[in-house]
Amino acid sequence: MVKVIIKRTFIMLGLTLLITLIGLYCIMWVCVNGPSERAKELFVLSVRETSAVGFLANLYCSQEEIDAIEAKQNVEVLEITDTSLIKVEGNTESPTEEQDSKVNANENAVPEENTEPQPEEPIEFHQVYGATYKGIMMIVKDPSRVIVGTSAPAYAEGVPGKKVVDMIASYNAVGGVNAGGFEDPQGAGDGGIPKGIVISEGTFRFGSMDARYEIIGFNQDNVLVVGTMTGEQAVNMGIRDAVSFGPILVVNKEATKASQGGGLNPRTAIGQREDGAVLLLVIDGRQSSSLGASYSDITQVMLDFGAVNAANLDGGSSSVMYYEGELLNSCSSLYGPREMPTCFVVK
């Protein structure tokens with residue numbers, strides 16, 4: 001009797017799973033082959049932007065259709081940041097030991113009325129929301145505090161990457177987000193080998209001097225520079241910290257053609273305001289409470305926060321934001337935050 005019950009239970013579970021899979025397949029087939037061309041593009045782009053499930057697009061579309069949809073997204077941004085548009089203000093300094101002692105000595109004193117404006121917080125956090133997403137914007141007032149953190153002094157095959165939280169700790173930093181892309185076959189990469197260029201604290205860590213990359217990084221004047229250039233051009237421009245990814249979203253206060261479209265996925269992006277403050281954005285995705293954002297969505301968020309220049313960083317299951325050891329967003333990976341080769345750390 002017990003064996004019969006167990007057998008029937010497994011049969012019911014199997015049938016339920018089969019019906020669910022068939023239902024999902026039919027729903028997606030209707031979305032892809034229905035009257036809405038945008039729904040088809042959204043599905044294809046959403047799955048093709050992932051390393052693990054990109055093959056799902058081939059279940060519903062021919063390779064020619066997929067290539068045509070992706071071709072619309074492949075827009076190279078040749079315009080380079082006009083650094084004169086950024087006016088970096090004085091660094092936000094921490095209180096000195098002498099100032100700390102004065103504060104402690106007078107902590108029981110009766111406060112006097114102070115009509116002078118109070119200094120701004122050096123780091124701010126803002127919740128952001130859209131029709132299909134929610135996320136967090138970190139604003140770092142002093143751009144000199146933002147650098148590229150690396151998982152190792154030198155990259156090599158067989159040397160895995162590190163989790164963002166561990167890279168932040170290795171730099172004695174207070175926070176950060178994931179940064180550039182990395183080799184990730186079928187979503188099973190170990191995060192050890194970057195894609196594109198890596199410059200960290202003035203040292204050329206990875207890439208080629210001759211190859212062209214979408215550069216996202218800061219120069220010696222702490223100005224965020226975005227655009228397509230060679231490794232040699234980046235070095236000649238005095239880029240101190242940089243990674244490669246994309247697309248470039250905003251250049252010189254204008255949204256780029258590459259910023260239009262994109263699927264709904266977890267996102268990470270970086271930008272800079274006219275006053276030099278750095279904008280670090282992470283969007284949750286692949287969850288019931290937040291499906292994800294498109295390139296158009298995060299471009300608009302960056303513009304709403306005053307970005308003069310902005311770029312998309314690695315996203316998907318790599319998208320994480322940490323502050324003081326705490327993960328601030330909901331990582332979409334079933335296995336938790338991933339290992340990777342680079343991150344933007346906030347010292």
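The values are calculated or read from the model by the stated rules, or taken from the named source; none is laboratory data. These numbers come from a predicted model, not from an experiment. Virtual Cβ from ideal backbone geometry, glycine too; neighbours counted across all protein chains shown. Quick note on the areas: whole protein, heavy atoms, side chains included, nothing else; ligands and nucleic acids left out. Shrake-Rupley method; radii C 1.70, N 1.55, O 1.52, S 1.80 Å.
Counting only residues that are surrounded by 19 or more Cβ atoms within 10 Å (Cβ to Cβ) and in a loop (DSSP other than H, G, I, E, B), how many does segment 141-154 have?
Let us first name the residues in segment 141-154 that are surrounded by 19 or more Cβ atoms within 10 Å (Cβ to Cβ), namely 141-143, 145-151.
Within this subset, residues satisfying the condition of being in a loop (DSSP other than H, G, I, E, B) are 141-142, 151.
Residues that pass the stated criteria total 3.
If I filter segment 269-280 for residues that are open to solvent by 10 Å² or more (accessible area, probe 1.4 Å), closer than 16 Å to V177 by Cα and in contact with a Gly (Cβ under 7 Å, 6 or more places away or on another chain), do I get at least one hit? If you could, list the steps in order and put the result at the bottom.
Kept after step one, since they are open to solvent by 10 Å² or more (accessible area, probe 1.4 Å), are these residues of segment 269-280: 273-275.
Checking which are closer than 16 Å to V177 by Cα leaves us with none.
Scanning segment 269-280 turns up no residue that is open to solvent by 10 Å² or more (accessible area, probe 1.4 Å), closer than 16 Å to V177 by Cα and in contact with a Gly (Cβ under 7 Å, 6 or more places away or on another chain).
Among the listed residues V346, V282, identify the single one that is at negative phi and more than 12 Å from the chain's Cα centre (by Cα).
Values: V282 fails: more than 12 Å from the chain's Cα centre (by Cα).
After applying the criteria, what remains is V346.
Which ones in segment 323-346 are touching a helix residue (DSSP H, G or I) at 6+ places or on another chain (Cβ under 8 Å), part of a strand (DSSP E or B) and either at pLDDT below 95 or surrounded by fewer than 21 Cβ atoms within 10 Å (Cβ to Cβ) (or both)?
L327
Could you grab me the full set of residues in segment 226-264 that are closer than 22 Å to I139 by Cα, in contact with a Gly (Cβ under 6 Å, 6 or more places away or on another chain) and not in a loop (DSSP other than H, G, I, E, B)?
Within segment 226-264, I239, R240, D241, A242, V243, S244 qualify.
Being modelled with pLDDT under 95, in contact with a Pro (Cβ under 8 Å, 6 or more places away or on another chain) and either part of a helix (DSSP H, G or I) or open to solvent by less than 40 Å² (accessible area, probe 1.4 Å) (or both) is the requirement here; does V165 meet it? Talk me through it step by step, then tell me what you get.
On the way: modelled with pLDDT under 95: no; in contact with a Pro (Cβ under 8 Å, 6 or more places away or on another chain): yes; either part of a helix (DSSP H, G or I) or open to solvent by less than 40 Å² (accessible area, probe 1.4 Å) (or both): yes.
Criteria not met by V165.
Please find, within segment 288-297, the residue that is surrounded by the fewest Cβ atoms within 10 Å (Cβ to Cβ) out of those that are under 13 Å from R267 (Cα atoms) and not aromatic (F, W, Y).
Residues of segment 288-297 that are under 13 Å from R267 (Cα atoms), as a first pass: 290-297.
Keeping just the survivors that are not aromatic (F, W, Y) gives 290-294, 296-297.
Values: S290: 21, L291: 20, G292: 26, A293: 30, S294: 23, S296: 14, D297: 21.
So the residue we want is S296.
With the requirement that a residue be without any contact (Cβ under 8 Å) to a residue 40 or more places away in the chain and open to solvent by less than 50 Å² (accessible area, probe 1.4 Å), what does segment 298-322 give you?
G306
Regarding segment 52-75, can at least one residue be identified that is under 30 Å from F204 (Cβ atoms), touching a Ser or Thr at 6+ places or on another chain (Cβ under 9 Å) and modelled with pLDDT under 75? Full working, then the answer.
Filtering segment 52-75 down to residues under 30 Å from F204 (Cβ atoms) leaves 73-75.
Of the ones still in play, those that are also touching a Ser or Thr at 6+ places or on another chain (Cβ under 9 Å) are 75.
If we keep only those that are modelled with pLDDT under 75 too, we end up with 75.
Scanning segment 52-75, I find at least one residue that is under 30 Å from F204 (Cβ atoms), touching a Ser or Thr at 6+ places or on another chain (Cβ under 9 Å) and modelled with pLDDT under 75, so the answer is yes.
Take E214 and decide whether it is of a type in the set (D, E, K, R), touching a Pro at 6+ places or on another chain (Cβ under 9 Å) and open to solvent by 10 Å² or more (accessible area, probe 1.4 Å). Explain how you work it out, then say what you get.
Details: of a type in the set (D, E, K, R): yes; touching a Pro at 6+ places or on another chain (Cβ under 9 Å): yes; open to solvent by 10 Å² or more (accessible area, probe 1.4 Å): yes.
Considered against the rule, which asks whether it is of a type in the set (D, E, K, R), touching a Pro at 6+ places or on another chain (Cβ under 9 Å) and open to solvent by 10 Å² or more (accessible area, probe 1.4 Å), E214 comes out as yes.
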